[in-house]
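The values are calculated or read from the model by the stated rules, or taken from the named source; none is laboratory data. Keep in mind it's a predicted model, so treat the numbers as computed, not measured. In this analysis, Cβ positions are derived from the backbone assuming ideal geometry, glycine residues included, and neighbour counts consider all displayed protein chains. What goes into the accessible areas is simple: the full protein's heavy atoms, side chains included, and nothing from ligands, DNA or RNA. Shrake-Rupley method; radii C 1.70, N 1.55, O 1.52, S 1.80 Å.
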Amino acid sequence: MTAASAWEQVLDYSNRANPYPFYAELRGTPVTKLPDGTYVVSTYAEIASLLHDPRVSSDISRNPAAAAAGATGDDVDGPGMSPTFLSMDPPDHDRFRRIAMRHFGPPTTPGRVAGMEVRMREIVADLIDGMADRHRIDVVDDLAYPLPVTVICELLGVPPGDERRFRVWVDVALQSTDPGLDPETQQKKRAEAGTELGAFMQELVEAHRKSPGNDLLSAMTTDDGPEGRMPTEQLVSTGLLLLIAGHETTVNLISNGALTLLRHPHQLQRLRNDPGLAIPMVEELLRYEPPVHFVPFRTALDDIDIAGTTIPAGSSLTLLLAAGNRDPAHVTDPDLFIPERRNNQHLGFGGGIHLCFGAPLARLEAQIALTEFASRIQNPRLAGDPPPYRPSPFLRGPSHLPLDIDGVAGKEHDRPGHGQPPLTPADSHPPRAGTDAQI
């Protein structure tokens with residue numbers, strides 16, 4: 001199989017459940033030139049280098065493959081939306097990301113995410129309570145979707161109930177990324193969903209400006225920090241970015257995590273007995289089954305020599321994060337799920353200046369959701385394996401994850417294993433030979 005045909009297999013929906021053999025094929029040639037001129041990079045060291053390389057642009061307007069495909073900034077930020085920091089290069093990227101980050105995390109607002117932990121636990125408890133008296137559940141619909149969407153709505157200040165309005169638009173927008181659709185259909189779906197989402201966020205921005213609260217969107221609309229306020233059009237597009245990216249990738253992280261644990265029942269039992277294992281386990285999930293598989297439409301601004309190949313200035317780049325995560329030159333036993341890996345440096349949140357803005361939030365949500373899933377869902381069994389997957393090859397996760405269960409355990413005092421001595425805390429496990437990341 002040629003590298004180009006391996007890439008075609010990655011895009012083929014029939015391989016969505018297991019693209020990893022094709023990533024292994026691609027890694028045989030770390031940098032592959034496709035027939036359309038795009039360079040696909042599949043090995044860890046090279047991907048990490050390019051994510052930190054100032055000669056690589058994220059501005060889609062500079063990208064030849066995007067232009068050839070009829071893609072524009074609308075495909076990243078939404079039809080009619082101003083560019084967000086996701087699709088900007090420095091210095092504009094740095095300024096707008098700092099303005100948004102001031103109200104999300106350290107050093108200005110260090111407690112916003114940690115301060116939601118109690119509320120997250122309440123949401124998860126309520127969701128699992130809602131599964132009582134049922135013998136068939138869907139992890140996606142019943143847990144992996146409602147938790148992060150509720151959290152991001154409360155964090156941004158979206159009124160209760162409005163998530164029902166935008167879920168349909170977001171689903172349509174994400175379905176438009178299916179490479180099986182013709183470009184005209186993709187563009188039509190994006191335009192329809194983007195128009196509705198833009199109007200929705202415009203209303204929210206105006207409402208929060210007139211009557212601000214303690215939420216993130218209010219903080220950004222009323223910010224008088226040292227770099228000034230974002231323009232209204234930038235607030236709208238950034239608000240949409242945080243709303244969509246703030247839950248869609250986490251849906252995949254939680255559902256991929258539950259699926260992985262069900263395929264590794266010993267690890268599920270370990271998490272049930274030792275909730276502290278959730279922290280390293282989520283890091284291993286981000287490596288082993290990441291929610292985002294690749295980053296398309298990056299552009300070389302200069303000639304770049306890497307892995308024996310010269311990528312000419314003006315070329316389009318696609319960085320295969322999921323392939324790099326399983327690079328045997330970086331990590332030993334890459335196809336094994338080993339929660340206690342030490343120095344588990346992965347590409348699950350990307351890297352460089354575009355490192356995932358919401359990584360602390362996603363980590364905490366997944367840790368809580370998977371711990372409670374392991375503790376309270378009694379005898380979960382996959383109703384089918386593999387489950388159906390979402391259309392997108394880069395935002396990869398099950399569209400549904402149906403399970404048969406025996407029931408739901410009560411709160412803490414009723415949980416299986418309560419009162420039993422825990423396993424050795426996860427951070428004190430001795431290193432397993434051959435499991436540390438190779439730097």
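Ignoring everything but the protein chains, give the 1.4 Å probe accessible area of LYS188 in square angstrom, nearest 10.
For LYS188, solvent-accessible area is about 130 Å².
Compute the signed sum of charges (Lys and Arg +1, Asp and Glu -1) over the other residues within less than 10 Å, Cβ to Cβ, of ALA4.
The answer is -1.
Keeping every protein chain in place, order GLU227, GLU340 by accessible area at 1.4 Å, biggest value first, i.e. largest first.
GLU227, GLU340
With all pairs of different alpha carbon atoms counted, what Kirkwood hydrodynamic radius in Å does the chain show?
22.6
So between ALA199 and LEU355, what do we pick up on full extension, going 0.36 nm a residue minus the alpha carbon distance?
My answer for the length gained is 53.3 nm.
Rg (Å, one decimal) plus Dmax (Å, integer) for the alpha carbons of the range 278-392?
Answer for the range 278-392, Rg first and Dmax second: 17.3, 56 Å.
Suppose each label sits 7 Å from its Cα in the direction of the beta carbon; what would the ARG136-ARG98 distance come out to in nanometres?
5.5
Can you give the FRET efficiency to the nearest 0.05 for ARG119 and ASP162, using r as the Cβ-Cβ distance and R₀ = 22 Å?
0.80
Once neighbouring chains are kept in place and the probe is 1.4 Å, which whole percent of the accessible area of the chain is contributed by carbon and sulfur?
After summing per-atom areas, the C and S share lands at 54 percent.
Of all alpha-carbon pairs in the range 20-70, indicate the percentage at a distance above 17 angstrom.
Details: 598 of 1275 pairs.
That tail contains 47 percent of the Cα-Cα pairs.
Using a 10 angstrom cutoff on alpha carbons, build the Gaussian network for the chain and name the most mobile of ASP12, ASP138, ASP224.
ASP224
Within a Cβ distance under 13 Å of LEU382, other residues only, what is the Lys/Arg minus Asp/Glu net charge?
On the way: positive: ARG136, ARG263, ARG381; negative: ASP138, ASP385, ASP404.
Around LEU382, the surrounding residues sum to 0.
Place a label point 7 angstrom from the Cα of MET1 along the Cα-to-Cβ direction, then list the residues of the range 18-46 whose backbone nitrogen is under 12 Å away.
Inside the label zone: 18-28.
Between ALA191 and ALA45, what is the spin-label point distance in nm, taking each point 7 Å from the Cα along the Cα→C-beta axis?
Simple spin-label model gives 4.8 nm for this pair.
Which whole-percent values make up P(r) of the range 326-410 when all C-alpha to C-alpha distances are grouped in 10 Å steps starting at zero?
13, 29, 42, 15, 1
So if I take the centroid of the Cα atoms in the range 36-55 and the same for the range 274-338, what is the distance between those two points in Å?
Using only Cα atoms to place each centre, the spacing works out to 9 Å.
Assuming 0.36 nm per residue, please report the length gained on full extension of the stretch SER14 to ASP406 beyond their Cα-Cα distance.
My answer for the length gained is 137.9 nm.
Grab the Cα-Cα distance for LEU34 and ALA207, subtract it from 0.36 nm times how many residues apart they are, and report the gain in nm with one decimal.
Working: separation 173, 0.36 × 173 = 62.28 nm, distance 4.74 nm.
That works out to 57.5 nm of additional length.
Given the options GLY350, GLY228, GLY397, state which has the largest fluctuation in a GNM of the chain using a 10 Å cut-off (strictly under) for Cα springs.
GLY228
Suppose accessible area is computed on protein heavy atoms with a 1.4 Å probe; arrange PHE394, PHE349 from highest to lowest.
PHE394, PHE349
In square nanometres, what is the average projected area of the Cα convex hull of the range 189-327?
Mean orientational projected area (the range 189-327, Cα hull): 13.8 nm².
Determine the dipole magnitude for the chain: charges of +1 sit on the beta-carbon of Lys and Arg, -1 on that of Asp and Glu, nothing else is charged, the reference point is the Cα centre, and the result goes in debye to the nearest 20.
Its charge dipole is roughly 540 debye.
Compute the signed sum of charges (Lys and Arg +1, Asp and Glu -1) over the other residues within less than 10 Å, Cβ to Cβ, of CYS153. Kindly include the intermediate steps, with their values, before the conclusion.
Details: positive: none; negative: GLU154, ASP162, GLU163, ASP215.
Counting the neighbours of CYS153, the net charge comes to -4.
Could you check the simple spin-label distance between LEU382 and THR309, using points 7 Å along Cα→Cβ, in nm with one decimal?
3.2
Rank these by accessible area, largest first, 1.4 Å probe: MET101, MET1.
Order by accessible area, largest first: MET1, MET101.
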